[in-house]
Amino acid sequence: MSAQQVVTNPVIPGFHPDPSICRVGDDYYVVCSSFEYFPGVPVFHSRDLVHWTQIGNALDRPSQLRLDTSSSGGIYAPTLRHHDGRFWLIVTNVARGEGNLLFNATDPAGPWSDPVRLPGVPGIDPDLVWDEDGTCWCTVAGVSQVRLDPATGETLGEPRKLWSGTGGAAPEAPHLYRIGEYWYLLIAEGGTERGHGVSIARGRTPAGPFEPGPANPILTHRSTDHPIQNTGHADLVQAPDGSWWMVLLGVRPRGGTPGWHVLGRETFLAPVDWVDGWPVVGKVSPELPAPAWPLRPGPGAPVRDDFDQAELRPCWVSLRERPERLCTTKERSGWLTLQAAGDSLDADDAVFVGRRQQHLTCGVRTLVDASEGRGGLAVRLDERHHYEIEATAGAVTVFARVGPLRTEVASAPVPAGPVVLGLDIAPQPPGDARTGPDLLSFGFEEPDGTFTVLATLDGRYLSTEVAGGFTGRVIGMYAAAGTVRFDWFDYEPGSSA
Ligand code: 6LW
């Protein structure tokens with residue numbers, strides 16, 4: 001091996017927050033929160049901690065996932081664990097009447113069980129761990145804990161306060177581990193924005209008492225100009241060679257001050273050493289020295305999706321659920337057919353099928369037949385922050401929705417029949433403090449194949465700093481009226497990650 005191999009962070013780019021990891025033999029699995037999107041809780045697999053492939057979504061049917069709103073409602077932070085030959089997933093659904101839910105599966109790619117409801121678990125960010133006697137401990141944000149019967153969802157005894165961190169806001173994202181002679185309690189505090197950090201305490205039993213570590217926070221980028229910010233919400237895993245690693249969330253702000261992040265909170269990897277019985281987290285850098293074992297890259301995602309399979313690939317998500325009457329690849333072979341339910345992307349249940357933007361620059365193209373309706377290609381942050389290029393018979397139009405305003409930006413006539421719509425996302429040229437993170441150029445292909453840009457929009461208005469919320473950009477196809485069909489969809493990563 002020539003130059004030392006490096007790990008490019010984030011290891012799971014795009015809106016993949018609140019990662020939780022477990023290892024079974026040589027296989028690692030990660031799950032992330034998914035909020036208003038259906039299916040929910042993406043599941044990733046890796047053999048080297050560096051290259052990750054999405055193998056499914058744990059919550060892929062309405063009996064598992066009921067969503068009642070968008071704007072970062074729905075599925076909050078999950079925890080994934082393996083115990084007694086089964087995978088266990090515990091997660092909070094903030095939709096009305098849902099709360100904390102427990103699922104299990106023999107294969108993390110699914111199918112996962114229907115939920116066991118956990119009415120007695122008092123908080124978000126639930127964690128699961130079993131002690132030597134087989135008692136199951138559930139720890140939640142705050143940080144509180146209650147014993148749990150995972151078969152029935154019944155809580156055993158009253159919840160108890162464990163630790164409220166070192167004084168940072170929002171002590172949350174707890175994970176409890178038996179390591180050596182101690183039980184370690186890892187938490188996030190400081191809030192999931194620029195003040196985010198990771199702290200740790202340890203005790204002799206899973207119920208404590210816990211003594212805070214000597215060097216908290218063991219990880220934070222607050223008050224630095226590090227290119228990766230908001231680092232926190234971490235989970236630990238030990239590799240087969242005995243080394244320890246941490247997955248965590250972070251963001252990559254760009255542009256002038258304050259910097260705008262558009263891909264949401266992404267999953268990063270960091271090495272962990274142990275010194276005097278306490279973890280010391282290595283640098284969360286854009287490039288890390290690779291682990292000591294051989295790297296095992298996966299197949300990589302194809303640029304084009306031809307929609308020639310009965311089921312959509314796991315990267316495709318929609319708002320709330322996705323009944324076949326509204327979204328199918330069976331109505332016209334090799335096409336994705338969307339049946340509008342509302343009249344624009346402003347509705348929080350618009351008929352939209354998208355994939356997370358995972359690269360700071362990228363090019364997107366899709367062939368749309370809008371002869372029986374109105375729809376097109378959109379970049380969505382939430383129902384109040386989205387840009388789209390919309391086709392209908394004979395015309396294409398670019399719209400921008402920012403907060404209360406939806407603006408028609410530009411329009412052009414096109415020949416009748418299917419048309420290729422396109423989006424190119426490029427960094428804004430460096431300039432003064434007003435520079436935004438990127439520019440989004442929407443256009444269409446002329447009959448002779450040339451690409452005509454219809455409008456170029458400022459990307460800062462599709463950033464979390466402007467829109468708020470817990471998600472990130474999702475790029476996809478939508479129907480605003482009638483029936484709209486898509487033959488293929490190309491997502492081409494740009495040169496800069
Ligand atoms: C999640 C909390 C957090 O429940 O943000 O970053 C909330 N951490 O732990 C939603 O992701």
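Just the projected area, averaged over all directions, of the convex hull on the alpha carbon atoms of the stretch 418-497: how many nm²?
7.5
Using only helices, what value at 222 nm comes out for the chain when you add -39,500 (n - 2.57) per DSSP H run of length 4 or more and divide by the total residues, to the nearest 500 deg cm²/dmol?
When only DSSP H runs of four or more count, the value is 0 deg cm²/dmol.
In nm, give the distance between the simple-model label positions of residue 371 and residue 313, each being 7 Å from the Cα along the Cα-to-Cβ direction.
Roughly 2.8 nm, to one decimal.
Quickly work out the residue 446-to-residue 295 label distance, labels modelled 7 Å from Cα along the C-beta direction, and quote it in nm with one decimal.
Here the modelled spin labels are 4.2 nm apart.
Over all distinct alpha-carbon pairs, what is the Kirkwood Rh of the stretch 267-358 in angstrom?
17.5
Quick one: grab the alpha carbon gyration tensor of the stretch 131-178, order the square roots of its eigenvalues as a ≥ b ≥ c, and give me rounded if a/c is under 1.5, else prolate or oblate depending on whether a/b is larger than b/c.
It comes out prolate by the Cα gyration axes.
Can you give the relative contact order of the stretch 219-295 as a percent, counting alpha carbon pairs under 8 Å and 6+ residues apart?
22
Ignoring any ligand, DNA or RNA, what whole percent of the accessible area of the chain comes from carbon and sulfur when the probe is 1.4 angstrom?
Ligands and nucleic acids excluded, carbon and sulfur reach 52 percent.
With N set to the number of residues, divide the alpha-carbon radius of gyration of the stretch 304-493 by 2.2 N^0.38 Å and report two decimals.
0.96
How many angstrom lie between the C-alpha centres of the stretch 62-139 and the stretch 381-428?
38
Give me the extension gain from residue 466 to residue 24: residue separation times 0.36 nm, minus the current Cα-Cα distance, reported in nm with one decimal.
155.1 nm
Heavy-atom accessible area per residue, the chain, 1.4 Å probe: how many Å²?
Here the residues of the chain average 37 Å² of exposed surface.
Kindly rank 161-173, 285-297 from highest to lowest mean number of other beta carbons found within 10 Å of each residue.
161-173, 285-297
Decide, for the stretch 19-73, between rounded, prolate and oblate: order the square roots of the alpha carbon gyration tensor eigenvalues as a ≥ b ≥ c, take rounded if a/c falls under 1.5, and otherwise choose prolate if a/b is larger than b/c, else oblate.
Taking the square roots of the gyration eigenvalues as a ≥ b ≥ c, the stretch 19-73 is prolate.
Indicate the gyration tensor shape class of the stretch 3-289 (rounded, prolate or oblate), computed on the Cα atoms with a ≥ b ≥ c the square roots of the eigenvalues: a/c under 1.5 is rounded; otherwise a/b larger than b/c is prolate and the rest oblate.
Here the stretch 3-289 falls in the rounded category.
Can you bin every Cα-Cα distance in the chain into 10 Å intervals starting at zero and give me the percent of pairs per bin, rounded to whole numbers?
The distribution over the chain is 4, 20, 30, 25, 14, 6, 1, 0, given as percents.
So if each residue of separation counts as 0.36 nm, and I subtract the Cα-Cα distance between residue 215 and residue 393, what length gain in nm does that give?
Working it through step by step, the gained length comes to 57.7 nm.
What relative contact order, as a whole-number percentage, does the stretch 362-408 give when Cα pairs under 8 Å and 6 or more residues apart are counted?
So the answer I get is 28 percent.
Would you list 138, 315 from the most to the least accessible area, probe 1.4 Å?
The residues order as 315, 138, largest area first.
Could you order 283, 330 so the one with the most accessible surface comes first? Probe is 1.4 Å.
Reading off the accessible areas and sorting them downward yields 283, 330.
What is the chain's relative contact order, in percent, from Cα pairs under 8 angstrom and six or more apart in sequence?
Reported relative contact order: 14 percent.
Just to confirm a number: summing +1 for Lys and Arg and -1 for Asp and Glu over residues other than residue 226 whose beta-carbon lies under 12 angstrom from that of residue 226, what do you get?
Every neighbour counted, the sum reads +3.
How much net charge surrounds residue 345 when only the other residues with a Cβ under 12 Å from the Cβ of residue 345 are counted, with Lys and Arg +1 and Asp and Glu -1?
Computed value for this residue: -3.
If one computes P(r) from the Cα atoms of the stretch 32-119, what percent of pairs lie at distances over 22 Å?
Taking all Cα-Cα pairs of the stretch 32-119, the fraction more than 22 Å apart is 21 percent.
Not counting ligands, DNA or RNA, and with a 1.4 Å probe, what is residue 137's accessible surface area in Å² rounded to the nearest 10?
So the heavy atoms of residue 137 present about 40 Å² to solvent.
What does the charge count around residue 241 come to, taking other residues whose C-beta lies under 12 Å from its C-beta (Lys +1, Arg +1, Asp -1, Glu -1)?
Here the count lands on -1.
Tell me, what HN-Hα J-couplings in whole Hz come from the Karplus equation 6.51 cos²θ - 1.76 cosθ + 1.60 at θ = phi - 60° for each residue of the stretch 231-240, using x for Gly and Pro?
Values, residue by residue: 5, x, 6, 10, 9, 9, 8, 9, 7, x Hz.
Quickly work out the residue 333-to-residue 96 label distance, labels modelled 7 Å from Cα along the C-beta direction, and quote it in nm with one decimal.
4.5
The values are calculated or read from the model by the stated rules, or taken from the named source; none is laboratory data. Everything numeric here is computed off the predicted structure, so don't read it as measured data. Here Cβ is always computed from backbone atoms with ideal geometry, including for glycine, and neighbour counts include all displayed protein chains. To get the accessible areas, we keep the full protein, side chains included, count just its heavy atoms, and leave off ligands, DNA and RNA. Shrake-Rupley method; radii C 1.70, N 1.55, O 1.52, S 1.80 Å.
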